[in-house]
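**Q** Before I ask anything, here is the structure I am working with.
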Amino acid sequence: MDSSTLNLHPSFSLFLTVILTLMAVSCANSNLFAEYIGAQGLGVKFSDVPINSDVEFHFICSFAIDYSVATTPPTPTNGEFGIFWDTENLSPDAVFAIKQDNSNVKVAVSLGGATVNGADVYFSATSVDSWVSNAVSSLTTIIQEYNLDGIDIDYEKFSDENDTDTFTECIGQLITILKANGVISFASIAPFADPPVQSMYQALWQRYSSVIDYVNFQFYGYDDQTTVDQYVEYFDEQVSNYPGGNILASFMTENTAGQISADTGLSACEELKSQDKLFGIFIWSADDSLQEGFTYEIQSQALLAS
Ligand SMILES: *[C@@H]1O[C@H](CO)[C@@H](O)[C@H](O)[C@H]1NC(C)=O
């Protein structure tokens, strides 16, 4: 389209150029593959997972949690994070080695998760300032010790007493400060289609989308009757919920009754690619895939690289 032939006002044609550029950024296919690893104590190593050199590959260590397990039940620690992934197999040396051997690999840490020692994990902050200060210092230590590159936000339950503003400011300020300090180079969020969860993450998105690089939307939270066409509709819904976001498609390799199968998930990724909407794919999880030989990781990365 040549705006001069349409005789548009220059500021309007600049506006159009900006909009078209934004659309191109948020719709085009790209090649990010991400995989959660280390939450299930099944002994999976980074080096077990096939890595295609033609994709951008992110491991996401699961999880760092601001809870103490010195008490029963575990209690929130107001932003003092501890490590709850399998550090025997996913050690600082292992992170160093996998990045040394594969220039396309980065490693992140996911915060929160569903449970700790069998108890539900809630986002809970005494105050914004104290939570942010504790989180910045405890996570900086962990990220530097393990030579990590990014953080993922995966709180799934929220204290009734903490409103969207508290969550938004805690997480938004945490990401902003870690980036400004050069501690991380990217950040993602991992919402799913549950109204209270969506309202938290959409409030965060409204104020802090400029520091959030990826939306790892948990599409496998939809039920097992979901068809490929419905999956694509759900994907389009999330594009409007997180405008301008780089939304990853996803599926899980644990065959859980009632949830979308890996086969349906992979077919949906193929359909999204054919519609030029596949920015990336993430899989939950490497631990589950160890059993079945990582066939979905191989196929997903081949699709992204094609
Ligand atoms: C968040 O919830 C906890 C209870 O889980 C409460 O003690 C705390 O005061 C709340 N924080 C804010 C900032 O409202």
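**Q** Return yes when residue 167 is open to solvent by less than 10 Å² (accessible area, probe 1.4 Å), touching a residue at least 40 places away in the same chain (Cβ under 8 Å) and within 16 Å of the ligand (Cβ to nearest atom) and no when it is not. Walk me through it before giving the result.
**A** Details: open to solvent by less than 10 Å² (accessible area, probe 1.4 Å): yes; touching a residue at least 40 places away in the same chain (Cβ under 8 Å): yes; within 16 Å of the ligand (Cβ to nearest atom): yes.
So residue 167 passes the test.
**Q** Pick from the range 111-132 the residues that are in a helix (DSSP H, G or I) and either of a type in the set (D, E, K, R) or buried (at least 21 other Cβ atoms within 10 Å of the Cβ) (or both): which of them is nearest to the ligand (Cβ to nearest atom)?
**A** 131
**Q** So, in the range 260-279, of the ones that are in contact with a Ser or Thr (Cβ under 6 Å, 6 or more places away or on another chain) and open to solvent by less than 10 Å² (accessible area, probe 1.4 Å), which residue ends up farthest from residue 191 (Cα to Cα)?
**A** Looking at the filtered set, the residue picked out is 262.
**Q** Filter the range 187-225 down to the residues that are hydroxyl-bearing (Ser, Thr, Tyr) and crowded, with 20+ Cβ neighbours inside 10 Å and list them by number.
**A** Within the range 187-225, the subset hydroxyl-bearing (Ser, Thr, Tyr) is 188, 199, 201, 208-210, 214, 220, 222.
If the condition is that a residue be hydroxyl-bearing (Ser, Thr, Tyr) and crowded, with 20+ Cβ neighbours inside 10 Å, then 188, 201, 214, 220 are the ones that fit.
**Q** In the range 238-247, which residues are assigned to a helix (DSSP H, G or I), in contact (Cβ under 8 Å) with a residue 24 or more places away in the chain and open to solvent by 50 Å² or more (accessible area, probe 1.4 Å)?
**A** 239
**Q** For the range 185-210, enumerate the residues that are away from the ligand (no atom under 16 Å from the Cβ), farther than 14 Å from residue 111 by Cα, in contact with a strand residue (DSSP E or B) (Cβ under 9 Å, 6 or more places away or on another chain) and aliphatic (A, V, I, L, M).
**A** If the condition is that a residue be away from the ligand (no atom under 16 Å from the Cβ), farther than 14 Å from residue 111 by Cα, in contact with a strand residue (DSSP E or B) (Cβ under 9 Å, 6 or more places away or on another chain) and aliphatic (A, V, I, L, M), then 197 is the only one that fits.
**Q** Taking residue 31 and the conditions (1) modelled with pLDDT under 95; (2) surrounded by 13 or more Cβ atoms within 10 Å (Cβ to Cβ), which numbered condition does it fall short on, given that it satisfies the others?
**A** All conditions are met except number (1).
**Q** Report every pair of residues separated by at least 6 positions or lying on different chains whose Cβ atoms are under 6 Å apart, first residue within the range 125-141 and in contact (Cβ under 8 Å) with a residue 60 or more places away in the chain, second open to solvent by less than 30 Å² (accessible area, probe 1.4 Å) and more than 13 Å from the ligand (Cβ to nearest atom).
**A** 135/174; 138/81; 139/81
**Q** When the range 133-162 is examined, which residues are found to be within 16 Å of the ligand (Cβ to nearest atom) and over 17 Å from residue 189 (Cα atoms)?
**A** Pass one, the range 133-162, residues within 16 Å of the ligand (Cβ to nearest atom): 133-135, 155-162.
Those that are within 16 Å of the ligand (Cβ to nearest atom) and over 17 Å from residue 189 (Cα atoms): 133, 134, 159, 160, 161, 162.
**Q** Please tell me if residue 303 is open to solvent by 50 Å² or more (accessible area, probe 1.4 Å), aliphatic (A, V, I, L, M) and farther than 22 Å from residue 167 by Cβ.
**A** Taking the combined requirement at face value, the residue does not satisfy it.
**Q** For the range 170-183, which positions are open to solvent by less than 10 Å² (accessible area, probe 1.4 Å) and more than 16 Å from the ligand (Cβ to nearest atom)?
**A** Result: 175, 178.
**Q** Across the range 145-161, what is the total count of residues that are of a type outside the set (Lys, Arg) and open to solvent by 20 Å² or more (accessible area, probe 1.4 Å)?
**A** Counting residues in the range 145-161 that are of a type outside the set (Lys, Arg) and open to solvent by 20 Å² or more (accessible area, probe 1.4 Å) gives 8.
**Q** Looking at this structure, is residue 257 modelled with pLDDT under 95, open to solvent by 20 Å² or more (accessible area, probe 1.4 Å) and either part of a helix (DSSP H, G or I) or of a type outside the set (D, E, K, R) (or both)?
**A** yes
**Q** Quick check: is even one residue across the range 92-110 open to solvent by less than 30 Å² (accessible area, probe 1.4 Å) and within 16 Å of the ligand (Cβ to nearest atom)?
**A** no
The values are calculated or read from the model by the stated rules, or taken from the named source; none is laboratory data. Source: prediction; values computed, not measured. Positions of Cβ are backbone-derived with ideal geometry, glycine not excepted, and every protein chain shown enters the neighbour counts. Calculation scope for accessible area: heavy atoms of the full protein, side chains included, ligands and nucleic acids excluded. Shrake-Rupley method; radii C 1.70, N 1.55, O 1.52, S 1.80 Å.
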